[in-house]
Amino acid sequence: MQKNRLKSGGHIQRDDILNFTFNGKKLQAYKGDTLASALLANDIKIVGRSFKYHRPRGIFSCGPEEPNAILQVGSGSRTEAGLKATQVELYDGLIASSEKGWPSLHFDVAIINDWLSKMFGAGFYYKTFMYPAKFWKLYEYFLRKMAGFGYAPDENDPDYYSHHNEHCDLLIVGAGPAGIMSALVASQSGANVIIVDEKEKFGGKLLYSDEKIDNTVAIEWVERAQAELEKAPNVKCLKRSTAFGYYDYNFLTVCERYTDHSPETTVNSPRQKLWRIRTQSVVLAQGAFERPLVFSNNDRPGVMLASAVSEYIKRFAVLPGRNIAIFTNNDSAYQTAIDLKNAGVDSIIIIDSRPENSSAATIKTNELNIEVKFCSVVTNVQGSNKVEGIEIAKLNSETGLHDNELIYRDCDLLAISGGWSPAVHLHSQSGGRNAWSEKLHCFIPKNTHQKNTSVGSSNGFWGLKDCLEDAKKRTSEMLTDLGYELSEKISFDVEENNYVSMSPLWRVNDGKDPESHPKQFIDYQNDTSVSDIFQAVREGYKNIEHVKRYTALGFGTDQGKLGNINGMAILAEVLNKPIADIGTTTFRPAYTPVSFGVCAGQEIGEFFDPIRKTAIHDFHENQTSPFELVGQWLRPWYFPTQNETIENAVKRECLAVRNSLGIMDASTLGKIDIQGKDALNFLERIYTHDVSKMAIGQCAYGIMLGEDGMIKDDGVMTRMAENHFYLTTTTGGAASVMSWLEQWHQTEWPDLDVYLTSLTEQLSTIVLAGPNSRKVLKKLMVTGIDKESMKFMTFVKSKIDDIDVDIFRVSFSGELAFEINVDSNYALHLWNILIEAGKEYEITPYGTETMHVLRAEKGFIIVGQDTDGSINPEDAGLGWMLSRKKDFIGKRSLLREDSIRNDRKQLVGLLSLDGKTVIPEGAQIIRKGAHKKPIPMYGHVSSSYYSPVLGHPIAMAMIESGRDRHGEEFLAVASCGTEIEVKVVNPVFYDPSGERQNVE
Amino acid sequence: MLIIKCPWCGDRDETEFSYGGEADIKRPVAPEALSDEEWGDYLFMRKNTKGVFKEQWNHSAGCRRWFIVERDTVNYDIKATYKF
Ligand SMILES: [Zn+2]
């Protein structure tokens, strides 16, 4: 039983009945309905509770400005919060519920907020819940429960979303009369055009107008135009598409909804698509929003915008009341009276704040015998869960105040109209300014910042003919400017109502303190009322941006659509300033809410970030090694045998390297080839050590600093030839070091003859480490690697199994070790050869964890783990690497006052006194027995492991004046509160004299 | 989102570029001759220009060349781009 459905009319399909559920109640409506029209058809009056006072609220509008009917729609993984019922197309099986209201919508315990509303004025939350700070968690819990926002699904989104980049000459936003006219003009010019509209049908306000264009009802003109545009090869028509963001250089984002109107039928289609459109120019034809009027209890369910009432009648054949009052300060609401009359309503009264006049609108309503009370205002609404009646008073047009003699009248629906405001949202987002029009009493676009133009009612033209003329004129100008020739003339013949006259009424006022009246709402969604503006000014807020934040006016999804202008005008009144001086608040994207899904598109899950695999990856995968993500690289973490724990695996791997032979894939190291006759000169400026001292074939550990003197990256550099160097960087620093070097070269020293080439992926690196490593190479007949001929920190070119290799005798473990570079195409093959040849020495693949333990045993730092961008070479114990003979990046900073403090944190080793406890990394170092707060913090633990070869835990830490504190005892306090007694020691725990390099 | 004209590649979307801060910060020839304050100026102090600002950009997802952009910081209009 659709109580409010008219017998005929509307653009609904009466033979297609849809079942849906609202707050558990089973209801029926038709295809073509929105959720809002379906609820109104079923006479659902209360759809939600207000944000702050939990007042009952009903459907107020018919579009994106809806402040009350904000619902939870859909179920399970597809449930979505915060949808406006006015924008949700109904589908069979739709489930919707109110977001607020506990325990039930009709009895909300928090209504007490309304009764106590004097306590809950502007800034209440700021003032009340501040102290004591420790109660905040408690406050937050109750506030969140009471505010009762919707909920997110707890399953993954079953739908997918896509992104699409597009370019065009002209993007038209809005397909109402102005937008369609603009598209018709542009279509004939041959320009590449896109026109977008948020509805499933073009037409905008013409969808419910009885005006005529070219002698036919406007909607037929719309349908013909739409068909023509859809046929035109140079025009793309996007329906169900909202242009929600306007950014620099005419870049706009549009969300197109494919399946929201029938989500269960999704087959091989994204749910929504994000269009990223770069366009030469934009026509903004977004239309205008009708403004509410401000009087007591103007938020009661059954108070609606007048144009919305017309739209529900004519688009959806829904009549939301029988005994109807219309309160207006302008002519446009007279059309609503006419529409009601035509729909068979007999009881209609118009309360018009203006003096009697003889406009076309009044003549028409006179003909229809509709009662009009001029110079009158509605002062108050009776009824709390629904409109039951109104109080009417005479308005003194001299003073603008009404008298206190009230007439009471029954009604079940109050349609209101406070005039119109152009939708300047995208214009403002694009950087354009707005100017207050004293003639139209609204802000209209002025001073565009990008190549765009606002047309039609977006530009302050209310009448249909003016709208079409304006769109035609401005679009033609824009196209001419773009260089298009306009051959055909478009002419049109309009039979319009031209109900456009308006006289401002910003609030219904009897001159008394607004506190003495029931609440007069300005912004329904945020529960901002007239008294809040008064209070804000009383408390010293005078700038509109401040008043907005203090009162929440225009916050949330409203974004200044409904209440802003009334709010500004009332602020102007209180401050006794012209409205033009108040200015608008900032309009920001998104125009209407956008799903996270469509923003993310397909860049989720495994497509979130690229995965990089080394050439030897297949081996690691076959060993079922767990991987560690380092940057984008998958690196083997450790190589467990069956059921082996990480502790046991790492212990086994460490001991294998120390006692016999390990093998590691180090291919992810950054590799940079540097050539050119100034290569040496260039590297002298980058590295801290004396590069010129390096003989050909020699390797050196090198660090590079930022210009601030802090360690940036480290690695091994090798002089391959006179003017040819090869550098390695950390895995994580590979890309940034490369671009950093390029920046110095290109921007500071372009005169240097230097060529930088990344070889990170072209070459793979295999590390053989352990006392038996040379024996394996010898077994493979590798030349040039004898103890006598190949010194520590040298490089040789050689062959293994006839494959060219570069072999570096360097060591990150302290053992005899060889790093072998090979063309990545041969890397897996070479790896397998080495594994086979190493079998007699029980060659053991090891991962990043073992690498970390081995280097920590030797006190080698890891940049980014033991350093954090605030550690200079002296701090890290690397002062010996600083050349005194030359300048290098960052050198001067090492002489700054802060760099030479003697209480800087310095790298030390730590041992736990019990010899058993592994200190958690990140633990803070404090004095034993320090109790007085704040407890001085001496440093922190940067690396910590169990050392298998030593049989006890070891750690590295950065401690204030640490090098002078060897032998001192401290407490290491972990974040969990555990306290461990520790002793400061030299950070080189194993083989401090470096003997182990020298085995045969 | 800006459109930036790389002097080598032409007009490209801002997402292809990375920002390198103020241009024309010349590294001092003899840093050790500078006072702490002078070095600090070079190291940390940058203009916060309202209006046309000369800055460095890198076509990092393209030709990887650095170049100069003159951009108005008020309205983001790019007045010119050119090579070093
Ligand atoms: Zn380029």
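Laboratory data are not the source of any read-out in this text; all were calculated from the coordinates shown. Owing to the predicted nature of the structure, the values given are computational and were not obtained by experimental measurement. In this analysis, Cβ positions are derived from the backbone assuming ideal geometry, glycine residues included, and neighbour counts consider all displayed protein chains.
Summary of computed values
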item: FRET efficiency estimate (nearest 0.05) - Cβ-Cβ, residue A:367 to residue B:50, R0 45 angstrom; result: 0.15
item: The protein assembly as shown: equivalent-ellipsoid semi-axes (sqrt of 5 x gyration tensor eigenvalues, Cα, Å); result: 70, 33, 29
item: Shape parameters for the range A:1-50, alpha-carbon atoms, Rg then Dmax in Å; result: 10.9, 36
item: For the range A:58-91 versus the range A:702-781, the gap between their alpha-carbon centres in whole angstrom; result: 58 Å
item: Calculated from backbone phi, Karplus (6.51, -1.76, 1.60) coupling profile of the range A:893-901 in Hz, x at Gly/Pro; result: 5, 6, 9, 5, 3, 6, 6, 9, 3
item: The range A:405-562: C-alpha gyration tensor shape, a/c 1.5 cut-off, then a/b vs b/c; result: oblate
item: 10 Å-binned pair-distance histogram of the range A:902-997 (Cα, whole percent); result: 17, 51, 26, 5, 1
item: Restricting the range A:270-377 to GluC sites (Glu not before Pro) in coil, as DSSP defines it, with at most 11 other Cβ within 10 Å; result: A:356
item: Square roots of 5 times each gyration tensor eigenvalue, C-alpha, the range A:166-206, largest first, Å; result: 18, 12, 6
item: Distance from the range A:422-455 to the range A:976-1000 (C-alpha centre basis), Å; result: 70 Å
item: Size of the range B:3-83 as Cα extents on the principal axes (Å, biggest first); result: 43, 28, 18
item: Global geometry of the range A:665-826, whether rounded, prolate or oblate, following the gyration tensor of its Cα atoms and the 1.5 cut on a/c; result: prolate
item: Förster-model FRET efficiency, 56 Å R0, residue B:29 and residue A:538, C-beta, rounded to 0.05; result: 0.35
item: DSSP-assigned coil residues among trypsin sites (Lys or Arg not before Pro) in the range A:488-539, each with at most 13 further Cβ atoms within 10 Å; result: A:489, A:512
item: DSSP-assigned coil residues among GluC sites (Glu not before Pro) in the range A:195-268, each with at most 15 further Cβ atoms within 10 Å; result: A:200
item: Cross-link reach list, lysines versus residue A:577, counting only Cα pairs under 26 Å and skipping chain neighbours closer than eight places; result: A:439, A:446, A:512, A:519, A:542, A:548, A:561
item: Cα-Cα pairs of the range A:292-418 separated by more than 21 Å (percent); result: 33 percent
item: Given chain A, longest segment not containing exposed loop chymotrypsin sites (Phe, Trp or Tyr not before Pro) (DSSP; at most 11 other Cβ within 10 Å); result: A:152-607
item: Cysteines (scope chain B) whose Cβ has no counterpart Cys Cβ under 4.7 Å; result: B:63
item: Test item: B:23-35 mean partner chain Cβ contacts at 10 Å; result: 3
item: Sequence-distant residues sharing a close amide H with residue B:5 (under 5 Å, placed H); result: B:12
item: Set A:273/B:5; A:52/A:451; A:693/A:858; A:236/B:5; A:891/A:916 screened for pairs whose C-alpha atoms are more than 31 Å apart; result: A:52/A:451; A:891/A:916
item: The range A:148-266: radius of gyration over Cα atoms, expressed as a fraction of 2.2 N^0.38 Å; result: 1.25
item: Inter-centroid distance (Cα atoms) of the range A:471-541 relative to the range A:359-419, Å; result: 21 Å
item: Efficiency of FRET from Cβ geometry, residue A:865 and residue A:751, R₀ 51 Å, rounded to 0.05; result: 0.85
